[in-house]
1. Scan region 43-65 for residues that are closer than 21 Å to I295 by Cβ, touching a helix residue (DSSP H, G or I) at 6+ places or on another chain (Cβ under 9 Å) and open to solvent by 10 Å² or more (accessible area, probe 1.4 Å) and report the count.
2. D261 versus (1) assigned to a strand (DSSP E or B); (2) modelled with pLDDT under 95: which is the lone unmet condition?
3. Please work out which residue is most open to solvent (accessible area, probe 1.4 Å), limiting yourself to region 115-155 and to residues that are within 16 Å of V250 (Cα to Cα) and without any contact (Cβ under 8 Å) to a residue 40 or more places away in the chain.
4. Among the listed residues G54, G75, identify the single one that is in contact with a strand residue (DSSP E or B) (Cβ under 9 Å, 6 or more places away or on another chain) and either at positive phi or among the basic types (K, R) (or both).
5. Within region 89-114, take every residue that is of a type in the set (S, T, N, Q) and farther than 20 Å from E286 by Cα and give me the one that is least open to solvent (accessible area, probe 1.4 Å).
6. Check off (1) in a loop (DSSP other than H, G, I, E, B); (2) open to solvent by 10 Å² or more (accessible area, probe 1.4 Å); (3) in contact with a helix residue (DSSP H, G or I) (Cβ under 7 Å, 6 or more places away or on another chain) for Y40 and give me the number that stays unchecked.
7. Please state which of the following conditions G235 fails to meet, knowing it meets all the rest: (1) at pLDDT 95 or above; (2) in contact with a Cys (Cβ under 9 Å, 6 or more places away or on another chain).
Amino acid sequence: MKKLFTMACLSAALLLPLTGCGGSSSGGNGEVIVYNWGEYLDPETLELFEEETGIKVIYDEFETNEIMYPKVETGATEYDVICPSDYMIQKLIENDLLAELNFDNIPNAKANIGNQYWEQSKEFDPENKYSVPYCWGTVGILYNKTMVDGSIDSWEVLWDEKYADSILMQDSVRDAFMVSLKLNGHSMNSTDAGELEAAKNSLIEQKPLVQAYVVDQVRDKMIGNEAAIGVIYSGEAIYTQRENPDLEYVIPKEGTNVWIDSWVITKSAPNKENAEKFIDFMCRPEIALKNFEYITYSTPNDAARALIEEEDIRNSPIAFPDLSQYSGLETYRYLGEDADQLYNDLWKEVKSQ
């Protein structure tokens, strides 16, 4: 989803970014062109892929799904493999921008990805024809146990005046509205104008208490004790707890977003066979483990999880929660252009207050 800070430029000898940090490439028989979130895999896995296959990885990064989508839609750059989030995969499918995968060329996907993640993927890829789960997680509350009173179990704490100027919210329209919609007892995929208006008003009511609307900075601010409470992705929470043991992560009782980011291949991919080799390589247990250890975002690769040596990580309730213990869990869906515009207009009203 992510939901991650963007890495500046990886080794030029390894990666030739298509935007921002380097030149461009139209692709060729010995290449695979990958478009991924910033710092969303271990660079060493790309080196290993190149060494084994002789296929050169041309690598580019994006910060949000909304930045990624128009580049794929317009075909300005002919990417092979991209890693969008659930709802954006649905949008790409509906707009006929993805190629069906040949799973005969991706045997590690079916062998190693857990059944529950294939089932969850049906929310946005109903027949599991276009996507292979790469990372998953939840959105919840990270709080500093030394800066709050007792334990936290509800989104309601984000409206508590005692924590004024010590609350961090996600600077993301869907994530911000998810929090407010869930607090008000509604679906985070609501398209009901009245429910969305109420969610907007709740966010406007909350705004004077918010220290900042952030994306990547939430983890640094929480590690540095600059805020007491923040909305965060579970993968980031694992990292922050390593750096600051006073931090605790919780999935609120009202429910939240359970998300999946997945590998897909564009319909215009110039190197589809190489793209399938790339995805298959990333689904190997030892490679998936390296990526999990590097980014700390939960892997849907059950075989990789079994290789995690630290029992507290392998059975972490943050990294691998028992979702059956929670209610109100949903996956984002693409709601259509009209709903997108409504959300964006309401979010502008919140930010303009």
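1. Looking only at that region, the number is 3.
2. (2)
3. Step by step, filter region 115-155, then rank; the result is D149.
4. Only one candidate passes the filter, namely G75.
5. Q90
6. With (1) in a loop (DSSP other than H, G, I, E, B); (2) open to solvent by 10 Å² or more (accessible area, probe 1.4 Å); (3) in contact with a helix residue (DSSP H, G or I) (Cβ under 7 Å, 6 or more places away or on another chain) applied to Y40, the lone miss is (2).
7. (1) is the only condition that G235 fails.
Yes/no per residue for (1) touching a strand residue (DSSP E or B) at 6+ places or on another chain (Cβ under 7 Å); (2) more than 30 Å from G30 (Cα to Cα); (3) surrounded by fewer than 23 Cβ atoms within 10 Å (Cβ to Cβ):
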position	(1), (2), (3)
E236	no, yes, no
E243	no, yes, yes
T256	yes, yes, no
I260	yes, no, no
N271	yes, no, no
K277	no, no, yes
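The values are calculated or read from the model by the stated rules, or taken from the named source; none is laboratory data. Since this is a predicted model, take the numbers as computed values, not measurements. No Cβ is skipped: glycine too gets one built from the backbone with ideal geometry, and neighbour counts run over all protein chains shown. Note: accessible area is taken over every heavy atom of the protein model, side chains too, but ligands, DNA and RNA are not part of it. Shrake-Rupley method; radii C 1.70, N 1.55, O 1.52, S 1.80 Å.
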